[in-house]
1. Working only within the stretch 57-102, note down all residues that are surrounded by fewer than 10 Cβ atoms within 10 Å (Cβ to Cβ), modelled with pLDDT of 85 or more and within 15 Å of the chain's Cα centre (by Cα).
2. Of the numbered conditions (1) surrounded by 14 or more Cβ atoms within 10 Å (Cβ to Cβ); (2) at pLDDT below 90; (3) in a helix (DSSP H, G or I), residue 29 satisfies every one except a single condition; which is it?
């Protein structure tokens, strides 16, 4: 995906919502671009995710973006108990899902 104005690729992003509230969200390159300044959301879960990212040595501007992406996704996958398929995460695009109450 590219931003229309300047052709820059949009970094992979993660957002976890519950009951309409953002619990945790970040740019998975962890480079403070595209509006995220670290992990945002509800202070309790977002803070714990940030702590785990820090414990994993992230962000690290010296590491390749793909490596940071994989490591960050591993942290959020473990924290939120997600089971995500490896191939689409590493080399593809995951579908976005929006659930609305009936």
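The values are calculated or read from the model by the stated rules, or taken from the named source; none is laboratory data. On a predicted model such as this, the values are computed, not experimentally measured, just so you know. Glycine also receives a Cβ, built like all others from the backbone with ideal geometry; neighbour counts cover every protein chain displayed.
1. 81
2. Tallying (1) surrounded by 14 or more Cβ atoms within 10 Å (Cβ to Cβ); (2) at pLDDT below 90; (3) in a helix (DSSP H, G or I), residue 29 fails exactly one: (3).
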